[in-house]
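S.K.: Can you keep this structure in mind? I'll have questions shortly.
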Amino acid sequence: MSNIKLSQQDEAFLDAMAMLMAPWGWPRPVGRIYAYLLLREEPATLDEIAADLGMSKSNASTAARTLEHCGNARRQGEPGSRRIYYSVPGEFSGPFVEKAALLDRQVRLFSGQRERDIPDAVAGRFERISQFYTAMRAAIEGVIADQAGSAMRSTGTDDDAENRARRSATLAR
């Protein structure tokens, strides 16, 4: 049923991805399934994922749903079937759009603390971290806008930079 045979290099890639994603809070199976989906040309069913990675179907289902929630996997159905397929999304910005929005919410939280009676050192810390988070959000949105622009240029539907930036900012909200 599966259409991928994992080589030793593939297994090493899956394990390396799992280790790299652990600091993001991903359990090992989530990182391995993400790497597995990156290696595949076609979407995979939960049966294929479980069989190829040697895990239970329930573990594969939980991990795949985690990836979907994070924006790193796309779930799709087949007309007339209950079978679910998972693949990597065509856009890689999903989790970063949410991170940018989170940074903005944190900046607003820090800004709200300035109205309290707090020591100058604490207020200064909130100001510095707000500036850092604001710069990080702008950088994330800039990369997303650039990627969206390059995708549009490759399909011949490029808009101007201002419209791309506006779409990126809208996505981040």
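Let's see how each residue does on (1) at pLDDT 90 or above; (2) surrounded by 12 or more Cβ atoms within 10 Å (Cβ to Cβ); (3) in the same structural domain as residue 30 (by TED's automatic domain parsing):
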residue: 116; (1), (2), (3): no, no, no
residue: 133; (1), (2), (3): yes, yes, no
residue: 144; (1), (2), (3): no, yes, no
residue: 154; (1), (2), (3): no, no, no
residue: 157; (1), (2), (3): no, no, no
residue: 163; (1), (2), (3): no, yes, no
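S.K.: On the basis of being outside any helix (DSSP H, G or I), polar (S, T, N, Q), surrounded by 12 or more Cβ atoms within 10 Å (Cβ to Cβ) and within 21 Å of the chain's Cα centre (by Cα), does residue 59 make the cut?
M.R.: No, not satisfied.
S.K.: Of everything in region 17-56, what is in a loop (DSSP other than H, G, I, E, B), among the hydrophobic types (A, V, I, L, M, F, W, C) and within 16 Å of residue 5 (Cα to Cα)? Give them in sequence order.
M.R.: The answer is 55, and nothing else.
S.K.: Evaluate the following for residue 104: is it among the acidic types (Asp, Glu), assigned to a helix (DSSP H, G or I) and assigned by TED's automatic domain parsing to the domain that holds residue 141?
M.R.: yes
S.K.: From the set of residues in region 70-90 that are exposed (fewer than 12 other Cβ atoms within 10 Å of the Cβ) and either touching a Leu at 6+ places or on another chain (Cβ under 8 Å) or in a strand (DSSP E or B) (or both), which is modelled with the lowest pLDDT?
M.R.: 77
S.K.: Sticking with this structure for a sec: If you check residue 67 against the conditions, is it in a helix (DSSP H, G or I), at pLDDT 90 or above, buried (at least 18 other Cβ atoms within 10 Å of the Cβ) and assigned by TED's automatic domain parsing to the domain that holds residue 12?
M.R.: yes
S.K.: Do we have any residue at all in region 91-100 that's surrounded by 11 or more Cβ atoms within 10 Å (Cβ to Cβ), assigned to a loop (DSSP other than H, G, I, E, B) and touching a strand residue (DSSP E or B) at 6+ places or on another chain (Cβ under 9 Å)?
M.R.: No, region 91-100 has no match at all.
S.K.: Here's something else I'd like to know. Being among the small types (Gly, Ala, Ser) and under 30 Å from residue 138 (Cβ atoms) is the filter here; which residues of region 77-101 pass it?
M.R.: Correct list: 90, 93, 94, 100, 101.
The values are calculated or read from the model by the stated rules, or taken from the named source; none is laboratory data. Remember, it's a predicted structure, so these values are computed and weren't measured experimentally. Don't worry about glycine lacking a Cβ; one is built from the backbone with ideal geometry, like all the others, and counts go over all protein chains shown.
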